[in-house]
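First up is the structure itself, then whatever we jot down about it.
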Amino acid sequence: MRLILLGAPGAGKGTVAKMLTKIDGSVQISTGDILRAAVKEGTELGKKAEAYMTAGDLVPDELIMDIMGERLLQDDCKPGFLLDGFPRTIPQAEALKALLEKLGIELDFAVNLNVPREEILRRLTTRRTCVDCGAIYNVISMPPKVEGKCDKCGGDVVQRDDETEEAISKRLDVYNEKTAPLANFYKEEGLLLDIDATSSDDVVKAIQEKLAG
Ligand code: ADP
Ligand code: ZN
């Protein structure tokens with residue numbers, strides 16, 4: 001499958017993407033994970049992106065398109081891909097459209113995960129992430145077996161730098177201003193699947209039904 005996952009921070013894009021990769025071997029591509037890895041490794045990309053990320057701002061479109069232009073050419077994308085956190089702006093969506101046309105690749109659809117704002121805030125303030133493998137936990141609903149340690153790789157499980165209350169509120173504002181308009185963009189393309197995303201299991205079911213036609 002070839003899907004775009006849209007939705008506010010905390011809507012469950014990463015969780016849904018991980019569930020979907022197990023169904024048919026499509027690869028999850030998370031621009032947030034790619035950027036965090038670059039920051040951790042101290043690469044040129046990481047140095048350019050870090051300040052934007054910590055502040056809860058978007059990284060400039062050109063940088064993101066450089067990353068994704070290369071990433072989508074890699075062999076593991078051939079069976080399919082789940083774009084998690086990209087595109088995030090109208091210019092990114094337009095650049096992606098041109099890129100896919102050039103490559104002769106068609107999207108199945110763009111899924112918009114809708115979650116009420118109070119639930120988003122609750123999820124983000126209780127979310128914890130493995131610094132090594134990116135696995136996501138929740139202190140209330142899904143804590144790691146050993147506090148602060150990743151079940152999968154033993155890495156440290158921490159609250160992200162951009163998950164302070166101030167940065168979260170900034171990210172939600174940026175989302176409403178820059179990313180929410182993408183739902184309309186994909187609606188006009190005839191590609192939008194709008195879903196109530198309070199339960200990630202229900203989202204996966206709805207996507208499978210839609211794919212089955
Ligand atoms: P979220 O939990 O907000 O969905 P992500 O892990 O997707 O978080 O992204 C974290 C940060 O990385 C964003 O706040 C932003 O600074 C940067 N980022 C990720 N994807 C993009 C993108 N497509 N365009 C611009 N910035 C991005
Ligand atoms: Zn881990």
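The values are calculated or read from the model by the stated rules, or taken from the named source; none is laboratory data. Keep in mind the model is a prediction, meaning the values are calculated, not measured. Please note: Cβ atoms are built from the backbone with ideal geometry, for glycine as well, and neighbour counts cover all protein chains shown.
Annotation note: Cβ proximity below 6 Å between a residue of the range 146-167 that is within 14 Å of residue 130 (Cβ to Cβ) and at pLDDT below 85 and a residue that is in a loop (DSSP other than H, G, I, E, B) and within 14 Å of ligand 1 (Cβ to nearest atom) (sequence gap 6+ or interchain) occurs for no pair. Residue 100 satisfies every condition listed in (1) touching a Leu at 6+ places or on another chain (Cβ under 8 Å); (2) surrounded by 15 or more Cβ atoms within 10 Å (Cβ to Cβ) except (2).
Please indicate, with yes or no, whether at least one residue in the range 102-119 is under 25 Å from residue 204 (Cβ atoms), among the basic types (Lys, Arg) and modelled with pLDDT of 95 or more.
Among the residues of the range 102-119, not one is under 25 Å from residue 204 (Cβ atoms), among the basic types (Lys, Arg) and modelled with pLDDT of 95 or more, which makes the answer no.
Residue-wise test of (1) within 16 Å of ligand 2 (Cβ to nearest atom); (2) among the basic types (Lys, Arg); (3) touching a helix residue (DSSP H, G or I) at 6+ places or on another chain (Cβ under 7 Å).
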| position | (1), (2), (3) |
| --- | --- |
| 33 | yes, no, no |
| 36 | yes, yes, no |
| 57 | no, no, yes |
| 73 | no, no, no |
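Restricting 58, 73 to residues that are under 24 Å from residue 109 (Cβ atoms) and under 17 Å from the mean Cα position of the chain (by Cα) narrows the list to 58.
Figure legend. Inter-residue proximity from the range 195-213: first residues on the phi > 0 side of the Ramachandran plot and in contact (Cβ under 8 Å) with a residue 60 or more places away in the chain, second residues basic (Lys, Arg) and surrounded by 15 or more Cβ atoms within 10 Å (Cβ to Cβ), beta-carbon distance below 8 Å, spacing 6+ or different chains. No pairs are indicated. One residue stands out in the range 136-151 among those that are surrounded by 12 or more Cβ atoms within 10 Å (Cβ to Cβ) and farther than 20 Å from residue 11 by Cα: the one that is farthest from ligand 2 (Cβ to nearest atom), namely 148. Of all the residues in the range 157-186, those that are of a type in the set (Ser, Thr, Tyr) and under 17 Å from the mean Cα position of the chain (by Cα) number 3.
As a summary of the residue check, residue 44 satisfies the conditions (1) more than 16 Å from ligand 2 (Cβ to nearest atom); (2) closer than 25 Å to residue 103 by Cβ; (3) acidic (Asp, Glu) except for the one numbered (2).
Any residue that is over 30 Å from residue 65 (Cα atoms) and within 16 Å of ligand 1 (Cβ to nearest atom) - is there at least one of those in the range 90-113? Within the range 90-113 (the criterion being over 30 Å from residue 65 (Cα atoms) and within 16 Å of ligand 1 (Cβ to nearest atom)), the answer is no, since none of the residues qualifies.
For the range 22-45, the tally of residues that are more than 16 Å from residue 86 (Cβ to Cβ) and either part of a helix (DSSP H, G or I) or among the polar types (S, T, N, Q) (or both) stands at 8. If you go through the range 95-129 and keep only what is free of Cβ contacts under 8 Å to residues at least 24 places away in the same chain and acidic (Asp, Glu), you end up with 101, 118. Filtered by the rule that a residue be under 24 Å from residue 205 (Cα atoms) and in contact with a Lys or Arg (Cβ under 6 Å, 6 or more places away or on another chain), the range 120-137 gives 135, 137. Starting from residues that are part of a helix (DSSP H, G or I) and of a type in the set (D, E, K, R), keep the ones in the range 52-89 and report whichever is nearest to ligand 1 (Cβ to nearest atom). Here the residue is 61.
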